[in-house]
């Protein structure tokens with residue numbers, strides 16, 4: 001549900017119907033952030049490919065770290081849709097409510113264990129003050145074991161969520177408790 005027209009699953013043409021069917025098979029349902037792309041199936045397919053590569057593809061960043069980045073970037077941007085979606089996904093990996101609250105508010109991040117702290121603080125800085133980034137910021141990531149490939153993946157995930165936050169907020173993408181739960185983690 002958003003501020004623009006969306007094509008429902010039952011009303012989708014061949015191309016869009018195939019994308020919807022693939023989403024339902026792999027993820028269990030179609031999220032509202034993808035459904036908002038339904039008027040442009042090519043963009044939806046490309047968006048989905050990028051998301052799956054960044055969040056589920058091979059990387060030195062764990063799934064938990066990637067979801068934590070999604071939450072912190074989204075909190076930094078005040079994107080309730082993505083904060084709620086990705087906090088729900090992060091609950092699969094982090095069982096501590098205090099840690100989840102820190103990430104969902106992007107507050108107290110320095111108190112997290114060093115690797116996760118450096119990753120999410122980097123994500124917050126890149127989201128809130130990209131012009132302030134320096135080469136020394138990468139040294140802090142290397143100091144906790146990130147390779148240059150990991151740093152690239154981190155940067156791509158941060159950029160991706162800044163993009164998605166703006167799509168969600170700019171088009172009024174809504175969520176409900178039902179929409180937040182029940183996704184498969186593939």
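Structure above, values below:
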| quantity | calculated |
| --- | --- |
| Cβ-Cβ FRET estimate between residue 13 and residue 156, R0 fixed at 41 Å, reported to 0.05 | 0.85 |
| The chain: angle of helix 63-76 to the longest principal axis, Cα-based, in degrees nearest 10 | 90 |
| Residue-span extension gain [residue 63 to residue 91] - 0.36 nm each, minus C-alpha spacing | 8.9 nm |
| Cα-based helix-to-principal-axis angle, 148-170 vs the chain, degrees rounded to 10 | 50 |
| Among [x] 45, 38, 26; [y] 46, 38, 30; [z] 51, 31, 28, the entry derived from the coordinates for Cα extents along the principal axes in Å | [z] |
| Principal-axis tilt of helix 114-128 within the chain, Cα atoms, nearest 10 degrees | 60 |
| Fluctuation leader among 44, 52, 169 - the chain, Gaussian network, Cα springs under 10 angstrom | 52 |
| Extension reserve of the residue 105-residue 52 stretch, reckoned as 0.36 nm per residue once the Cα distance is removed | 16.6 nm |
| C-alpha center-to-center spacing [the range 109-140, the range 73-100] in angstrom | 17 |
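Throughout, read-outs are computed from the coordinates displayed, never taken from laboratory work. As the structure is a prediction and not an experimental result, all values here were calculated from the model. Cβ atoms come from the backbone with ideal geometry, glycine included; neighbour counts cover every protein chain shown.
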